[in-house]
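Have a look at the structure below before the remarks.
The values are calculated or read from the model by the stated rules, or taken from the named source; none is laboratory data. All values reported here derive from a predicted model rather than from experimental measurement. Cβ placement follows ideal geometry from the backbone for every residue including glycine, while neighbour counts extend to all protein chains displayed. Heavy atoms of the whole protein, side chains included, go into the accessibility calculation; ligands, DNA and RNA do not. Shrake-Rupley method; radii C 1.70, N 1.55, O 1.52, S 1.80 Å.
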Amino acid sequence: SELKSLQKHPHFQKEINRVQPPELLRNLLTPEVRKIFPVFNFDLLIGLPKQTPESMRKTIEFVNELRPPEVEPLYVHFKPNTRSYMTRMTRNVLMPDFYDRKAIFAEVVDGLIEGGYERTGYEKFALPSDIVANARKKGKAYYNSIGTTAGDVTTFISLGSSGHGNFNNKVYYQNFYELDLYRKALEEDKFPIYRGWKFSQNDRIRQDIIKHFRTYDDLDLKEFEKKWDIDFHEYFSKELDSMKEFINDGLVELTDTQMVMTGLGREFTPRICEVFDSYAGRDLYDHTLQKVFQMVPESVD
């Protein structure tokens, strides 16, 4: 029985050497275990080699069957330059491109909503009775390094190489990537931290708007102004000028008192939030380039 399960299991799990047969979770999540742990989360990695919308559809069917209280679809962060083991992930086939990853993500969104889950953040879903779903309805949900949670959880202590932590939304830090340096620091009774960042007031303001938008669809500008003692339109004049691209594309609606993401805009939350990230430094799409593209012939003999 176990052999048959392995044979029918999605081949993308074999590509990353993490084969987890459905029976493994089904047998683990007994009524007794669910009673002890009423809240638990499934992480769904998006963009694995050989992963397709069809294979993800089967995965979502299995997730809907098991009914975990919370589900978090996450795009794979492919960083072979810092995680050398990831080079093996592409030894047989390339990773899905941007379009394919979005198609796979769309399967997750549609499948979970059809299965009765509510979207409680850009990459977070929960059953209507879950604590995160209830917290979001009350405006008490909060986006942090482990997704959307109930309550203002702002401090995380990371363990292990490359782990990153957060102290009260005022300091970010990251541990050594290299295991030898990580072990050496511990042997010398030192924190294995190799870099960090102390927030300025500007950092905290921008962090607040980004975290809020990743959890909720709108932002009360007057309430935000009162919280941070700023004039929103003046403080973010440059960003709001860039936001016109998203407004013209029907992704964002902006008034004097409110900024709202449309249903379509919800699927581009990271790109919209990136406008307020002063460290990203990415230019928005330039419509004037269309004239250049129109001048390129469709085929060349």
Study note, to complete from the structure: Measure of exposure for Asp110: accessible area at 1.4 Å probe, Å² rounded to 10, is 90 Å²
Point to revise | Anisotropy class of the range 212-257 from Cα gyration tensor, a/c 1.5 cut | key: oblate
Practice item. Loop only per DSSP, at most 14 neighbouring Cβ atoms within 10 Å: give me the GluC sites (Glu not before Pro) in the range 111-217, ordered by residue number. Key: Glu178, Glu188
Study note, to complete from the structure: Sorted by accessible surface (1.4 Å probe, heavy atoms of the protein chains only), largest first, Thr255, Thr262, Thr52 come out as Thr255, Thr52, Thr262
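Specify whether the C-alpha gyration tensor of the range 228-285 places it in the rounded, prolate or oblate class, a ≥ b ≥ c being the square roots of the eigenvalues: rounded for a/c under 1.5, otherwise prolate if a/b is larger than b/c and oblate if not.
Note, shape of the range 228-285 comes out oblate.
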Revision key, fill the gap. Whole-Å distance linking the alpha carbon centroid of the range 43-121 with that of the range 218-283 is 28 Å
Exercise for review: Within 10 Å, count the other beta carbons around each residue, average over each peptide in 160-169, 128-137, and list them highest first.
Suggested key: 128-137, 160-169
Study note, to complete from the structure: Here the gain from full extension of Ile230 to Leu94, 0.36 nm per residue of separation minus their alpha-carbon distance, amounts to 44.3 nm
Exercise for review: Taking Rg and Dmax of the Cα atoms in Å as the quantity of interest, determine which of (1) 21.9, 69; (2) 27.9, 99; (3) 19.2, 62 was computed from the displayed structure.
Suggested key: (1)
Practice item. Kindly provide the helix-only [θ] at 222 nm of the chain, computed as the sum of -39,500 (n - 2.57) over DSSP H runs of four or more divided by all residues, to the nearest 500 deg cm²/dmol? Key: -11500 deg cm²/dmol
Practice item. Would you check the accessible area of Tyr216, probe 1.4 Å, heavy atoms only, in square angstrom rounded to 10? Key: 30 Å²
Review point. Which value in nm describes the separation of the simple spin-label points at Thr155 and Gln20, placed 7 Å from the Cα toward the beta carbon?
Key: 3.0 nm
Study note, to complete from the structure: A student applying the Cα gyration tensor rule (rounded when a/c is under 1.5; otherwise prolate if a/b is larger than b/c, oblate if not) would label the range 104-196 prolate
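Mind ranking Glu15, Glu61 by accessible surface for me, highest first, 1.4 Å probe?
Glu61, Glu15
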**Study point:** Calculated from backbone phi, Karplus (6.51, -1.76, 1.60) coupling profile of the range 194-200 in Hz, x at Gly/Pro
**Key:** 10, 7, x, 8, 8, 6, 8
Exercise for review: Could you calculate the contour length gain from Lys244 to Leu264, that is, 0.36 nm times the residue separation minus the distance between their Cα atoms, to one decimal place in nm?
Suggested key: 5.6 nm
Exercise for review: Starting from the Cα-Cα distance between Asp256 and Lys58, subtract it from 0.36 nm times their residue separation and give me the gain in nm to one decimal.
Suggested key: 66.8 nm
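Of Ile210, Ile205, which has the most accessible area with a 1.4 Å probe, and how do the rest follow in descending order? Mind dumping the intermediate values first?
Values: Ile210 40, Ile205 5 Å².
Solvent-accessible surface, decreasing: Ile210, Ile205.
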Exercise for review: Pop a pseudo-label 7 angstrom from the Cα along the beta-carbon direction at both Arg204 and Leu28 and give the gap in nm to one decimal.
Suggested key: 3.9 nm
